[in-house]
Each structure stands twice: as structure tokens, then as C-alpha cells.
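The values are calculated or read from the model by the stated rules, or taken from the named source; none is laboratory data. Fair warning: this is a prediction, and the values are worked out from it, not measured in the lab. Cβ coordinates were reconstructed from backbone atoms using ideal geometry, including for glycine residues, and neighbour counts include every protein chain displayed.
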Amino acid sequence: MADLAVKAVVLGLLGLALAVPEWERFSDKAMDARAVVYPIGLLLVPAAWLLVGRPRGAAYPLLADLLVSLPWAVDLLGNALDLFDAVVWFDDAAHLVNWAMLAAALALLLPRGLPPGVRVLLVAGCGCLAALVWEVGEYATFVRGGPEEATAYADTLGDMVLGTLGALLAGAVVTRLRARGPR
């Protein structure tokens, strides 16, 4: 089960970040906040499945669960492997791809009967809002007052544009694939 393996990677890396907070790849990266937010993110699909109710005869949404779990792993692996600092384009790619995965999960979980345009715009709008909330949280937890603050405006705008673009693309792709057939 890939979704459980990804969840284990996330929890293991969070444990490492909390156990060795002075490691330069995790220091000043708001790992305490991530240790709260990321496990909540890992539980979103299972909790919704249990609390909202399972549609009769529907299988557990494994793909949506995996798509919600992967961005947390990408972020933590990016820090652990020093990709955010060593690879100049990694941060931008992570914002685009991570928001695309999260938005694709939402697109998969939305009711099938939505008109295609509504699905695409709803997914893009939710992705844009989520990107904004993420950037505000990022600013509040480790950008404000730090060395990144001088360049935060341009970086934040770029990250929000990439997150929104990723969500829009995911909404369009999932909507198109859903129009082709039941899977």
C-alpha cells in the first residue's frame, strides 16, 4: 500500500527532524509547526471517509489518499536531501507539483455529477485558497524576521501562482479523465 508507505516516510522524517532539530537541513524550517500540520494532512482523507460517511459500495479512495500524502513527503525529503537549497528550481517545482497533487485529490473526491467547468473552477479556487493559507503560515512561522524576509514578497507571489496553476491543471486533467470513463 503506497499510501501507508508514504505516511510512514513522512512520520519518520518528522521524527528525525524533531530528534535532531539542530541539523541545518531542518533548523529554521518550522519543523515544530510541520510536526503538527503534516500528520493532520495525512489524516484528512481517512478522517473524511470515516466521518462524512462511505458511499454505499464505494471503495476507499486510495489514490486520493496517496495524492494528499505525497506533498508532505516531497517537502520533507526536499529538506532532508537539501534540494530546496542545492537545486535552484526545486522549490518552484515542489509548489507546482504538490498543489497539483492536493488539487487532484480534491477533484477525485468531488461528486461525479458536477459540471466539468464547475469542477475545474472549484478545484482551482480551493487550490488557490490553500496556497494562500500555506504561504501565510510559512511567512508567520519562519520567514518573518529571517534572512528570507527581504525576498519573501516575490517568492510568495511566485509560489501562489505556481500553486494555483498546479491546482488549475489538476482540476482540468482529472475532469478530462473522468469524462472518459468510470475510473
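Side notes on the structure shown:
- Selection count, region 30-48, where residues are farther than 15 Å from A73 by Cβ and touching a Phe, Trp or Tyr at 6+ places or on another chain (Cβ under 6 Å): 1
- Qualifying residues in region 90-129 (those that are of a type in the set (G, A, S) and surrounded by fewer than 18 Cβ atoms within 10 Å (Cβ to Cβ)) - the one farthest from the chain's Cα centre (by Cα): G113
- Verdict on N79 being polar (S, T, N, Q), surrounded by 17 or more Cβ atoms within 10 Å (Cβ to Cβ) and assigned by TED's automatic domain parsing to the domain that holds G125: no
- Of everything in region 27-75 that is buried (at least 17 other Cβ atoms within 10 Å of the Cβ) and of a type in the set (D, E, K, R), the residue that is nearest to L110 (Cα to Cα) is D65.
- Close pairs (7 angstrom Cβ cut-off, 6 or more residues apart or separate chains): on the phi > 0 side of the Ramachandran plot in region 9-32, in a loop (DSSP other than H, G, I, E, B) and modelled with pLDDT under 90 anywhere: D28/G146
- Region 106-124 residues that are touching a residue at least 60 places away in the same chain (Cβ under 8 Å), paired with ones that are outside any helix (DSSP H, G or I) (beta carbon under 9 Å, 6 or more apart): L108/P61; L109/P61; R112/P182
- Only one entry in A73, A100, A58 is under 20 Å from K7 (Cβ atoms) and assigned by TED's automatic domain parsing to the domain that holds K29, namely A73.
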